[in-house]
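A.B. asks: After the structure tokens below, expect a handful of questions from me.
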Amino acid sequence: YGNLTPLVLAGGVKTGQVIGRSDSTASKPTTRTYTPANLFSTVMHYLFDLGQLRLRADLNRDIKSAVENNTVIEELF
């Protein structure tokens, strides 16, 4: 069941919801797939002003890329 990821988040997000659906055996997603990179991007979008974050020269390039190139999990907001 590695393609399905249960997450528990608290603070500032809509609570008590299930995002996405799985097949009849609960072994793979049947709707949009989210990865840990999507979760990371979502958290960064929520915590930081991304316009300012992009301008920081001291920020690791991999972190910048992860924030800019992954989709935010919109259903959480």
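The values are calculated or read from the model by the stated rules, or taken from the named source; none is laboratory data. Here the structure is a predicted model, which means the values were calculated and not measured. FYI the Cβ positions are ideal-geometry reconstructions off the backbone, even for glycines, and counts take in every protein chain you see. Accessible surface areas use protein heavy atoms only, side chains included; no ligands, DNA or RNA. Shrake-Rupley method; radii C 1.70, N 1.55, O 1.52, S 1.80 Å.
A.B. asks: Rounded to the nearest 20 debye, what is the charge dipole size of the chain about its Cα centre when +1 sits on each Lys and Arg Cβ and -1 on each Asp and Glu Cβ?
C.D. replies: Dipole size: approximately 80 debye.
A.B. asks: Please compute the Kirkwood hydrodynamic radius over the chain, one decimal place, Å, based on all pairs of different Cα atoms.
C.D. replies: 14.0
A.B. asks: Further question: Rounded to the nearest percent, how much of the accessible area of the chain (1.4 Å probe, protein heavy atoms only) is carbon and sulfur?
C.D. replies: 54
A.B. asks: Please give the per residue accessible area of the chain, computed with a probe of 1.4 Å over protein heavy atoms only, in Å².
C.D. replies: 76
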